[in-house]
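The values are calculated or read from the model by the stated rules, or taken from the named source; none is laboratory data. This is a predicted model, so every value here is computed, not measured. Glycine also receives a Cβ, built like all others from the backbone with ideal geometry; neighbour counts cover every protein chain displayed. Heavy atoms of the whole protein, side chains included, go into the accessibility calculation; ligands, DNA and RNA do not. Shrake-Rupley method; radii C 1.70, N 1.55, O 1.52, S 1.80 Å.
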Amino acid sequence: MEYRKHAGVEVSALGFGCMRFPTREDGSIDEAETFRMLDRAWARGVTYYDTAYPYHDGESERVVGRWLATKPREKVVLATKLPIHLVKEPSDVERIFQEQLDKLGTDYVDFYLLHAMGAERWEIAKKNDVLAIVSRLKAAGKIRKLGFSFHDEYPVFEEMANAFDWDFCQLQLNYMDVDDQAGLRGCELAAARGMTVSVMEPVKGGSLAAPPREIMDRYQALQPGWSAASWALRWVSELPGVAVVLSGMTTMAQVEDNLDTFDTLRPLTEDERAAVAKAAELYRARTVVPCTGCRYCMPCPMGVDIPGIFKIRNEGAVFDAPASAKGAYGRMAEQSRQTACVSCGRCASLCPQHISIPERLAEAHAYLTAE
Ligand SMILES: NC(=O)c1ccc[n+]([C@@H]2O[C@H](COP(=O)([O-])OP(=O)(O)OC[C@H]3O[C@@H](n4cnc5c(N)ncnc54)[C@H](OP(=O)(O)O)[C@@H]3O)[C@@H](O)[C@H]2O)c1
C-alpha cells in the first residue's frame, strides 16, 4: 500500500468509501460481510475510512462505529460529514456532530467535511455560522482536519476555497469528469490554497468498470492483468494534490482488486496514459447531445433542468446504461422534466453549442421513458 500525506496526516492512498456496503434483500447493510471487507482492507494497509451522516439511511456511521471499536482508534483515520441541509439554526451543528460521535463510538473525528457543498448549502453554512462552530470543535480537539466535499460548478468552488483556511477538500474526479464540477481546475486551486484532495467517484460510480469492448481490448493489450477499475484508479491517483482515492467497494472481489492496484501503483507510462486518453475519447464519441453543461440556457422559464436532462441522456448512451439513465430521470422532480417544456425556444437562442434544445429534449424524454 502506498501512503501519502493528507493535510499533514499520513494516510493510505486507497480510502474505503463507506457509502456502498453490501446489503441484504431488505436494503439493510450485510454487517458480517462488511466487517470481512473492512478487516481485509485494514489487514492490507488501508487506514482511511470515509463515511457520512446519510449513507445507508444513517446506518453506515453506526456500522463503521461498531467496526472501529475492534481496532486501535488512533491508527484509523476516520472521515465523516456534516449534513448541512439539516442545519436550520446554529445549535443544530453541535447537536448533529455529537449524534455522529455517539453513532461512531468515538470522541473525535479525524477529517470532518461539510457535505456535498454547492451554492445553496454554502448559503446555509454562512447564515448559520457553521465555519465558526466547526472551528471551535477543531480547537477543542474534537476535529483534527476541516474540509468540504463539493458538487457544484467551478465558480462556487472558487468562492468556497478562497473563503476559509481549509485543510482539504473532496472532489469528484475520474478520467471522464475532468471539466465537470470543480474538475482539474479545482485540483489546481486546491493545491494553490494548500489543500490536499480526497477523490470521490474515481470509477464514476462504477461506470468505468465495465467499458465497451473496444476500450477493454486496448487496455488488455497493454496490461492484461489490470481491471478496467484499476486503470481508472491509477489515472486519478496521479493527479496533482490527490492524497487519497476513495472507492465505494461492494464486494470482496472489488476490495482485493483495488488493494492489488494500490500495492502495485507506479506512474503510468506514456502508452498507458495514451490508452486512457483514447478511452475517454471513445466514451465521448458516444455522446449524443453536445451539451457542455455551461448553463447559458438556464434558468428555463418553465423550470426544465435542461443540462441535467442532457447529462442523463448522454450517460445512458455513453455507458450503454439505459436502465440507470431512466432511473435517474424518474427520480427528477416532475417540474424539471421535459414535459414542462412549452418549446418557447429561448434556450436554443442562448446555446453556444447551437443545440436545438426543445427538439433534443423531446428526443431525450422519449429515450428516457421508452418501455
Ligand atoms: N461527499 C460526497 O458528496 C460524496 C459523493 C459520492 C461519494 N462519496 C464518497 O466517495 C466514495 C467513493 O465514491 P464512489 O463509491 O462513487 O466510488 P467509485 O469507485 O467511483 O464507485 C464505486 C463503484 O465502482 C465499482 N467498483 C469499484 N471498484 C471496482 C472494481 N475493482 N471492479 C469492478 N467494479 C468496481 C462498484 O460498482 P458496482 O457496485 O456497480 O459493481 C462500486 O460500487 C464513496 O463511497 C463515499 O465514501 C462522497
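Brief remarks on what is shown
- Long-range neighbours under 6 Å by Cβ, at least six apart or interchain, first residue touching a residue at least 12 places away in the same chain (Cβ under 8 Å) within segment 356-371, second open to solvent by 60 Å² or more (accessible area, probe 1.4 Å): P358/S343; L368/K326
- Single residue of segment 159-181 satisfying the filter (among the aromatic types (F, W, Y) and over 22 Å from R234 (Cβ atoms)) that is least open to solvent (accessible area, probe 1.4 Å): W166
- Sole exception among (1) surrounded by fewer than 17 Cβ atoms within 10 Å (Cβ to Cβ); (2) touching a Ser or Thr at 6+ places or on another chain (Cβ under 7 Å) for T339, by number: (2)
- Any hit, segment 327-338, residues being more than 30 Å from Q220 (Cβ to Cβ), outside the structural domain of N174 (by TED's automatic domain parsing) and among the aromatic types (F, W, Y): yes
- Restricting segment 182-238 to residues that are assigned to a helix (DSSP H, G or I), more than 12 Å from the ligand (Cβ to nearest atom) and basic (K, R) leaves a set whose member that is least open to solvent (accessible area, probe 1.4 Å) is R218.
- Taking the listed residues E74, E89, the one that is assigned to a helix (DSSP H, G or I), in the same structural domain as K145 (by TED's automatic domain parsing), at negative phi and out of contact with any strand residue (DSSP E or B) (no Cβ under 8 Å at 6 or more places or on another chain) is E74, with no other qualifying.
- Scope segment 141-158; condition open to solvent by 70 Å² or more (accessible area, probe 1.4 Å) and either modelled with pLDDT of 95 or more or over 18 Å from A79 (Cβ atoms) (or both); matching residues: K142, R144, E153, P155, E158
- Those helices (runs of 4 or more DSSP H) of segment 262-371 in which 2 or more residues are modelled with pLDDT of 95 or more, out of contact with any helix residue (DSSP H, G or I) (no Cβ under 7 Å at 6 or more places or on another chain) and among the acidic types (D, E) occupy 357-369.
- Within segment 239-254, the set of residues being within 8 Å of the ligand (Cβ to nearest atom) and in a helix (DSSP H, G or I) comprises A253, Q254.
- Cβ-Cβ contacts under 6 Å between residues 6 or more apart (or on different chains), taken from a first residue in segment 75-104 that is of a type in the set (K, R) to a second residue that is surrounded by 14 or more Cβ atoms within 10 Å (Cβ to Cβ) and part of a strand (DSSP E or B), are listed as K81/L113; K81/H115.
- In segment 61-90, the residues that are acidic (D, E) and open to solvent by less than 20 Å² (accessible area, probe 1.4 Å): E61
- Filter result for L104 (under 23 Å from Q172 (Cα atoms), surrounded by 18 or more Cβ atoms within 10 Å (Cβ to Cβ) and of a type outside the set (D, E, K, R)): no
- Listing of helices (runs of 4 or more DSSP H) fully contained in segment 105-179 that carry 1 or more residues being more than 15 Å from the ligand (Cβ to nearest atom), acidic (D, E) and without any contact (Cβ under 8 Å) to a residue 12 or more places away in the chain: 119-127
- Scope segment 257-300; condition within 16 Å of the ligand (Cβ to nearest atom) and open to solvent by less than 50 Å² (accessible area, probe 1.4 Å); matching residues: D257, N258, L259, T261, F262, L265, V276, A279, A280, Y283
- Remark: V93 falls outside the filter, which requires a residue to be within 16 Å of the ligand (Cβ to nearest atom) and either open to solvent by less than 10 Å² (accessible area, probe 1.4 Å) or over 16 Å from F16 (Cβ atoms) (or both).
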